[in-house]
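Below is one structure, written out as structure tokens; comments come after it.
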Amino acid sequence: MAAPTEAPERRPFGRRFLTDPARLFQHNAWDNVEWSEEQEASARSKVQENSSQLLPQDKQEEYEVNAKRYWDDFYKIHENGFFKDRHWLFTEFPELAPNRNPSQNGDSVQEFSNEEESNNEGLGSCENGHCSLETRAENQLNLIKSTSKICTEELATQKYSELSQSDGDYPGSSASYRILEVGCGAGNTVFPILQTNNDPGLFVYCCDFSTTAVDLVQNNAEYDSSRCFAFVHDLCNDQSPFPMPEGSLDIVILIFVLSAVLPEKMQCIVNRLSRLLKPGGMILLRDYGRYDLAQLRFKKGQCLSDNFYVRGDGTRVYFFTQDELDDLFTTAGLEKIQNLVDRRLQVNRGKQVTMYRVWIQCKYRKPAAPQL
């Protein structure tokens, strides 16, 4: 991995140290874990090994063409039971609830360590990327989308096009603080925001590539159409309209989402999202970092291109460096507020396993409009 151009930023919370050797394999996590040169060399070697055999081009094209189906299948299988609600977001991204009492929802850092990662205890699963190995039981249940859902999506697209052409007539048009989550899944970010942010001027948009995921959000008992609008959206299709106009959003959230698309399409996506922001608005991102546990566990034959892989269930994942993300956001005209690496050691006594996770967290802001 190329050396960063600047010293990595540190997390705002302290490291928890392992003081009792007898507790080595208790399920827990430690922040800001430093990697030795030997450890990084070992990770680099594993990546070189699992990248030595690329999938044939026709198979790569098949995964791209059928990307929506694979994510629909994922949510049809798991519904809303796979990921935990992300209450840790309000410690990492206080912009999501600016008036929140810090004591709300308890210790968010601890929640992130023990709840969000609770699905990682088995060797075949990983944080939010579900790190699907060849042993996963749910591989490719080729469920058929119903005609009614296809029609619903087409009608929704037409509706958004009409809304974007009218002046000020769109969902959330009267709101004073607008948040969009891209890749909302079953709502594990959206619903904690609605529960925690009591600003009467708040309106939350959320979208996903998967029709099934959006259905799960809309059918959730906590879905409130007066404060939230969920819709199907294909980020990679620059002709796919958003329901809100450009320059209308305060916050865009990308949590383990950008890594799921083709690397060559990422810049166009970030450009589109940056245009939705108001001056001073921000994009908040958390995603996979280079040499994360999930990357090291891939086997030969699962690599699509450099640092880009396909899981056993057909979904895909990319592993970023800080510089790559900085290039994406600054090219889109945004300015850096935060770009840090979170290297975390997770240990599990029951499985007798130590696991190193690597994530990148970013905040990039749209420059304020110049005063005339």
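The values are calculated or read from the model by the stated rules, or taken from the named source; none is laboratory data. Note that the structure is a prediction, hence the values are computed from the model and not measured. Counting neighbours? That spans all protein chains shown, and the Cβs are built from the backbone with ideal geometry, glycine included. Side chains are part of the model used for accessible areas, which takes the heavy atoms of the whole protein and leaves out ligands, DNA and RNA. Shrake-Rupley method; radii C 1.70, N 1.55, O 1.52, S 1.80 Å.
Scanning segment 320-328 turns up no residue that is aliphatic (A, V, I, L, M), buried (at least 21 other Cβ atoms within 10 Å of the Cβ), modelled with pLDDT of 95 or more and assigned to a loop (DSSP other than H, G, I, E, B). The set of residues in segment 333-353 being farther than 30 Å from residue 369 by Cβ, part of a strand (DSSP E or B) and open to solvent by 70 Å² or more (accessible area, probe 1.4 Å) is empty. Put simply, of 297, 316, 286 the only residue that is farther than 24 Å from residue 96 by Cα and within 16 Å of the chain's Cα centre (by Cα) is 316. Comparison of 270, 214 shows that the only residue that is touching a residue at least 24 places away in the same chain (Cβ under 8 Å), touching a helix residue (DSSP H, G or I) at 6+ places or on another chain (Cβ under 6 Å), open to solvent by less than 10 Å² (accessible area, probe 1.4 Å) and in a helix (DSSP H, G or I) is 270.
Criterion applied to 129, 201, 183 was being surrounded by 15 or more Cβ atoms within 10 Å (Cβ to Cβ) and modelled with pLDDT of 85 or more, and the one residue passing it is 183. Is it the case that segment 274-290 has a residue that's surrounded by 20 or more Cβ atoms within 10 Å (Cβ to Cβ) and aromatic (Phe, Trp, Tyr)? For segment 274-290, residues surrounded by 20 or more Cβ atoms within 10 Å (Cβ to Cβ) and aromatic (Phe, Trp, Tyr): present.
With 221, 230 as the choices, which residue is outside any loop (DSSP other than H, G, I, E, B) and over 29 Å from residue 358 (Cβ atoms)?
230
If only residues of segment 84-103 that are open to solvent by 60 Å² or more (accessible area, probe 1.4 Å) and polar (S, T, N, Q) are counted, the one that is modelled with the lowest pLDDT is 103.
Pairs are defined by a Cβ separation below 6 Å, a sequence spacing of at least 6 or placement on different chains, a first member in segment 226-242 that is on the phi < 0 side of the Ramachandran plot, and a second member that is part of a strand (DSSP E or B) and buried (at least 16 other Cβ atoms within 10 Å of the Cβ); the pairs so defined are 228/204; 229/205; 230/206; 231/207; 233/207. So is residue 190 open to solvent by less than 10 Å² (accessible area, probe 1.4 Å), β-branched (Val, Ile, Thr), under 18 Å from residue 328 (Cβ atoms) and in contact (Cβ under 8 Å) with a residue 40 or more places away in the chain or not? So residue 190 does not fit the description; no.
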